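*Asks:* Shown below is the structure under consideration.
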Amino acid sequence: MLESDSEPAMTRFPVPEIEDLPDDVRERIEAEEEDAGFVPNVFLALAYRPSHFRAFFDYYDALVADTELERAEIEMIIVAVSGVNDCLYCTVAHGALARIYADDSQIAEQLATDHRTADLSETHRAMLDFAVKLTENGPEIEEADIEELESHGFSRRAVWDIGSVTAFFNLSNRLAHLADMRPNEEFYTLGR
């Protein structure tokens, strides 16, 4: 397993050697490599702090597995939030996943640039309006914002899920900025 030849996983902290990692962390990275065909740099970067790696991926797994949202919707939220936060790593990596899950080769750039002008349903635009408002002006979220999502067919649990994905990726974006996490070359072409 090698990180990308063009750029390291992150530039501000040392990237650990996979063979030096705890067994469970190494096994999770190896499983991801087998599934994706490469090791996404976020795995290598977060392995710098194994206890944080475990907590991060446990929560990420819960967000994508125990949800009322479709996987394409999750990725759309991630890309829109990451675009607002100017997070190169998450915009590129999850942009690839958004293209794949939405089966739309153009959606990632539209969402990352301005979700309001993207080719979306009114339901998805409302979902992303909420996610962006929570990102930019969290204290301004009101009951009316939740009711607006409900009027588009989202349950209260789905609204919670939208908010949870949004909040988690605000954290993820900031970790990527802190570490100067670099996207793998492979992400740029996936789903095209």
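The values are calculated or read from the model by the stated rules, or taken from the named source; none is laboratory data. All values derive from a computational prediction rather than experimental measurement. Every residue, glycine among them, receives a Cβ derived from its backbone with ideal geometry; neighbour counts consider all protein chains shown. Areas reflect the complete protein model, heavy atoms only, side chains present, ligands, DNA and RNA absent. Shrake-Rupley method; radii C 1.70, N 1.55, O 1.52, S 1.80 Å.
*Asks:* From the list Val64, Val92, which one is under 14 Å from the mean Cα position of the chain (by Cα) and in contact (Cβ under 8 Å) with a residue 24 or more places away in the chain? Can you show your working first?
*Replies:* Numbers: Val64 fails: in contact (Cβ under 8 Å) with a residue 24 or more places away in the chain.
Just a single option satisfies the conditions, and that option is Val92.
*Asks:* Which of the residues that make up region 139-168 are surrounded by 12 or more Cβ atoms within 10 Å (Cβ to Cβ) and polar (S, T, N, Q)?
*Replies:* Ser164, Thr166
*Asks:* Given the residues Leu175, Leu171, which is the only one that is under 14 Å from the mean Cα position of the chain (by Cα), open to solvent by 10 Å² or more (accessible area, probe 1.4 Å) and without any contact (Cβ under 8 Å) to a residue 24 or more places away in the chain?
*Replies:* Working: Leu175 fails: without any contact (Cβ under 8 Å) to a residue 24 or more places away in the chain.
None of the other options fit; the residue is Leu171.
*Asks:* For region 41-59, how many residues meet the condition of being within 21 Å of Ile74 (Cα to Cα) and of a type in the set (S, T, N, Q)?
*Replies:* 1
*Asks:* Does region 108-118 hold any residues that are of a type in the set (A, V, I, L, M) and open to solvent by 10 Å² or more (accessible area, probe 1.4 Å), and which are they?
*Replies:* Ala112 - this is the single residue of region 108-118 that is of a type in the set (A, V, I, L, M) and open to solvent by 10 Å² or more (accessible area, probe 1.4 Å).
*Asks:* From Leu69, Leu63, which residue is touching a helix residue (DSSP H, G or I) at 6+ places or on another chain (Cβ under 9 Å), surrounded by 15 or more Cβ atoms within 10 Å (Cβ to Cβ) and in a helix (DSSP H, G or I)?
*Replies:* The conditions single out Leu63.
*Asks:* Restricting to region 95-107, and then to whatever is in a helix (DSSP H, G or I) and without any contact (Cβ under 8 Å) to a residue 40 or more places away in the chain, can you tell me which residue is surrounded by the fewest Cβ atoms within 10 Å (Cβ to Cβ)? Lay out the reasoning, then the answer.
*Replies:* Initially, region 95-107 is screened for residues in a helix (DSSP H, G or I), giving 95-102, 107.
Filter once more, keeping what is without any contact (Cβ under 8 Å) to a residue 40 or more places away in the chain: 101-102, 107.
Values: Tyr101: 18, Ala102: 22, Ile107: 24.
In this case the residue turns out to be Tyr101.
*Asks:* Of all residues in region 76-88, count the ones that are open to solvent by less than 10 Å² (accessible area, probe 1.4 Å), in contact (Cβ under 8 Å) with a residue 60 or more places away in the chain and either outside any helix (DSSP H, G or I) or of a type outside the set (Val, Ile, Thr) (or both).
*Replies:* Summing the residues that are open to solvent by less than 10 Å² (accessible area, probe 1.4 Å), in contact (Cβ under 8 Å) with a residue 60 or more places away in the chain and either outside any helix (DSSP H, G or I) or of a type outside the set (Val, Ile, Thr) (or both) in region 76-88 gives 2.
*Asks:* When the residues of region 178-190 are narrowed to those that are among the aliphatic types (A, V, I, L, M) and over 17 Å from Tyr60 (Cβ atoms), which ends up most open to solvent (accessible area, probe 1.4 Å)?
*Replies:* Leu178
*Asks:* Sticking with this one: Listed residues Val165, Val132; which is assigned to a helix (DSSP H, G or I) and touching a His at 6+ places or on another chain (Cβ under 8 Å)?
*Replies:* Values: Val165 fails: touching a His at 6+ places or on another chain (Cβ under 8 Å).
Every option except Val132 fails the conditions.
*Asks:* It is to be established whether one or more residues within region 181-188 are among the hydrophobic types (A, V, I, L, M, F, W, C) and within 17 Å of the chain's Cα centre (by Cα).
*Replies:* Within region 181-188 (the criterion being among the hydrophobic types (A, V, I, L, M, F, W, C) and within 17 Å of the chain's Cα centre (by Cα)), the answer is yes, since at least one residue qualifies.
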